[in-house]
Structures are given as structure tokens and as C-alpha cells.
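Notes to accompany the following structure.
The values are calculated or read from the model by the stated rules, or taken from the named source; none is laboratory data. Every value quoted in this text rests on a predicted model; they were computed, and no experiment measured them. A quick note on method: Cβ atoms are made from the backbone with ideal geometry, for glycine too, and the neighbour counts reach across all protein chains shown. Remember, those area values only see protein heavy atoms, side chains included, never the ligands or the DNA or RNA. Shrake-Rupley method; radii C 1.70, N 1.55, O 1.52, S 1.80 Å.
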Amino acid sequence: AQMLLCCLSRLAQPQVLRSRFAASLVVASRSYADFTPEATFDIKKVDLHRLEEGPPLTATLTREEGLKYYRTMQTIRRMELKADQLYKQKIIRGFCHLYDGQEACAVGIEGGITLSDHLITAYRAHGYTLTRGGTIREIMAELTGRRGGIAKGKGGSMHMYTKNFYGGNGIVGAQVPLGAGVALACKYLGNDQLCVSLYGDGAANQGQIFETYNMSSLWKLPIIFICENNQYAMGTSVERSAASTEYYKRGDYIPGIRVDGMDVLCVREATKFAADHCRSGKGPILMELQTYRYHGHSMSDPGVSYRTREEIQEVRSKSDPISMLKDRMLSNNMASIEELKEIDIAVRKEIEDAAQFATTDPEPPLDDLCSHIFANDQPFEVRGATPWTKLTSTS
């Protein structure tokens, strides 16, 4: 009798499995159909300088946008954590400044402008290289100095570029006047484009930034100055390094807004507002994004000698940009936990594949040292380190 029951159960098993599979498909299709396609959220009010009105106090998010923002922020986070690991293994060398914690800034800014607009930033540039169109493989390979890197292995962590993205600049504050030059080109060409020029709270005290404010205001350039205030200028807190920590007011005669830089929707709406201001011919505007970096200033900085581990953990638990977006989507039935986990798994695999490429791709040969000086020119000879050493430059 027991043998008969066993045989019958085995014969029935495929049917049971098929039924369960069909049922799971029905449940999946129903759940996807039942997701909220769009929701409106209250966002934090911004502080204003020389403005009567600011960005709206609500932001509408579609399900597609939410999933896109989540994936991009998660990609930046995982990419930076992998860079940390490769640096500690001495596979990545030299300067390396990580962006984890500040993901809402890059993703929110891109949500408020278009890829035809222009962007320039300082040396904490990995996230912007991704949002501007670079691939994970290109970024990781650039970090390890390989031929497949986005700058052919010549730029490293601080010097990455894509179309309408001008780096990645190593000199503190020097990218801000360059951004004004890009904005001047936009105005001269009359193409309705603008430039986003980013800098940190440490660079905010640079004289060249104030000179740029002045010129941009005089010429009414379409430029958004953005100070990513992550609370520490290298290892010095803003209270110890700046007589005025209201960076959004630093432009004086230039309108300014102070924004929650940990909320991707706040950043997006503020950027849209700033972009409309520039495109309407009103000239420059200044944004301060209040954010936080989880790593130290660079990989040579453990990041806990001037702040406590408890402080970092508190920001992670209360204001993490990825967790904030995730909670919004889950609480409004815009995604399921399983769906977001699938994204996490896919992102991790993509990062691992990119890291594998970045460690196996060949390094650029010495013959490439002087190439790519000009974008489109005939090959020409370049003198090497000594008068009798000759190298060739090709575009």
C-alpha cells in the first residue's frame, strides 16, 4: 500500500508543480498589474536667498522613474564599495575619492536636466561619470589604469570624461571657472543649454569661485553653481573652516537655494527649478546640497579621526538616500521587496563582471603615452623625456 501511494504521488507531482507554477505566474502578473504607476510625495522645503518663490513642496514620481533612480543609486553605491575593496588589494593605486552616501545628488541633478546640458565637477567624479553615460566597465577599468577605461587608462579616478561631461578635475575649485566658460559657449551659441558646475564645501572659500560668480552674473550666464556640502573639507568640519556655513548665500547678488541633498526627489525638483531659472535668461543660480559621505575624504583617510563612527551610523540609519527612496516605493506599492532584491542581485553581478574586466584588461602600452592630445588631427611627433626620445601622437 505504501509503495502504491508513493507511485501515485510521483505520478501526480508534475501536475502539482505545473499548477503551482501557473499559480505563481498568475500571482506575479496580478501583483505587477496592481503596482501604483505614479505617486506624489511631500518633500522638504528649501531655504531661499534673493528669491520670492522656490521649488514645489511636492514631487511626483512614476514607478519607472523610481526603479531607474533606485538602480542607478545602488549601482553607484556598489561600484564605490568595490573600488574600496580593489584599492585595499592594491589593484587601484593613487588618488581615489569615493561617492557613497552622496548618490542622491548625482541622480537627482540628472533627473532635473538633460544629457544635452553640460556638467563639470571636482575629483569625486565616479558617480557623475556613470550618470552622464559612462559604463561600469569603463569606470572600473579606468580606476585600474587599463586600456578599456573611459580615458584609455590615462586619467584614473580623478579624470574621467564623457560627452558633455568635462571631468573629474584635480585642482580644488578650478573646475568652477571652466564651467562658466562652458556656460558662456552655451549662451554664445544660443542652444538653450546650460552648465552645472559642482564643487565642495572645502572649495567654497576659493577666490576663483567668487570671481566666477561676478563674471557669470555680469554676463547672465546659464550656469547652476552647486556646492555639495558633505560637512567636511577633507578632515575639517564646515564650522571650523568657514565663517559662514550658509553656502547658498555666498553668491550675494546671485539667487540661492539650500536643499536636502540626501533626498533624490528634493534634488531633482530643485534642479528643475534652477534649470528653468537659467533657461529663462535670468542668469546664474546657486544651489547648496546638504549631503554626507560615508567614506573618508579619500582612500588615504579612514574618516573616523575627525568624526565618530556613531555619527556616520546615525546618518546611515536616518538619512540614507537609497533607503529613503526604497521606503517610499514600498510604502506606496510602487515596487515589491522581491523586485528590488532582483535589482540588487543584477547590480552586484554587473559590478563583479566589470571588476573582472578591470583586472584582466591590458594596460595601455608606452606607445599610447602621447596619443589623444587632439581630437581630430594628423599624427605628429612628440619629444619624450630626453631630446633623442621620440613618441608619436595620434588622435
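Listed values, structure above:
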| read-out | value |
| --- | --- |
| Residues that are assigned to a helix (DSSP H, G or I) and exposed (fewer than 12 other Cβ atoms within 10 Å of the Cβ), drawn from the range 353-364 | Thr360 |
| Tabulated pairs, the range 152-171, first farther than 19 Å from Tyr99 by Cβ, second hydrophobic (A, V, I, L, M, F, W, C) and open to solvent by less than 20 Å² (accessible area, probe 1.4 Å), C-beta under 8 angstrom, 6+ apart or interchain | Gly153/Ala141; Asn164/Leu119 |
| Selection from the range 185-202 of residues that are open to solvent by 10 Å² or more (accessible area, probe 1.4 Å) and not in a loop (DSSP other than H, G, I, E, B) | Ala185, Lys187, Tyr188, Leu189, Gly200 |
| Restricting the range 74-111 to residues that are on the phi > 0 side of the Ramachandran plot and over 18 Å from the mean Cα position of the chain (by Cα), the residue that is least open to solvent (accessible area, probe 1.4 Å) | Gly94 |
| Members of the range 112-123 that are surrounded by fewer than 24 Cβ atoms within 10 Å (Cβ to Cβ) and aliphatic (A, V, I, L, M) | Ile113, Leu115 |
| Residue among Asp377, Asp367 that alone is in contact (Cβ under 8 Å) with a residue 12 or more places away in the chain, loosely packed, with under 13 Cβ neighbours inside 10 Å and part of a helix (DSSP H, G or I) | Asp367 |
| Failed condition for Arg240, given (1) out of contact with any strand residue (DSSP E or B) (no Cβ under 7 Å at 6 or more places or on another chain); (2) in a loop (DSSP other than H, G, I, E, B) | (2) |
| From Tyr248, Tyr294, residue being aromatic (Phe, Trp, Tyr) and over 21 Å from Pro55 (Cβ atoms) | Tyr294 |
| Verdict on Glu310 being in a helix (DSSP H, G or I) and over 23 Å from Glu65 (Cα atoms) | yes |
| Answer residue from the range 212-267, given it is surrounded by fewer than 17 Cβ atoms within 10 Å (Cβ to Cβ) and of a type in the set (Lys, Arg) and is farthest from Tyr99 (Cα to Cα) among those | Lys220 |
| Subset of the range 148-188 [among the aliphatic types (A, V, I, L, M) and over 19 Å from Glu138 (Cβ atoms)] | Ile171, Val172, Ala174, Val176, Leu178, Ala180, Val182, Ala183, Leu184, Ala185 |
| Top-ranked residue in the range 156-184 [being in a loop (DSSP other than H, G, I, E, B), among the hydrophobic types (A, V, I, L, M, F, W, C) and out of contact with any Asp or Glu (no Cβ under 7 Å at 6 or more places or on another chain); ranked as most open to solvent (accessible area, probe 1.4 Å)] | Ile171 |
| Failed condition for Gly384, given (1) modelled with pLDDT under 95; (2) over 20 Å from Gly155 (Cβ atoms); (3) open to solvent by 50 Å² or more (accessible area, probe 1.4 Å) | (3) |
| Residue count, the range 28-71 (criterion: in a helix (DSSP H, G or I) and open to solvent by 30 Å² or more (accessible area, probe 1.4 Å)) | 13 |
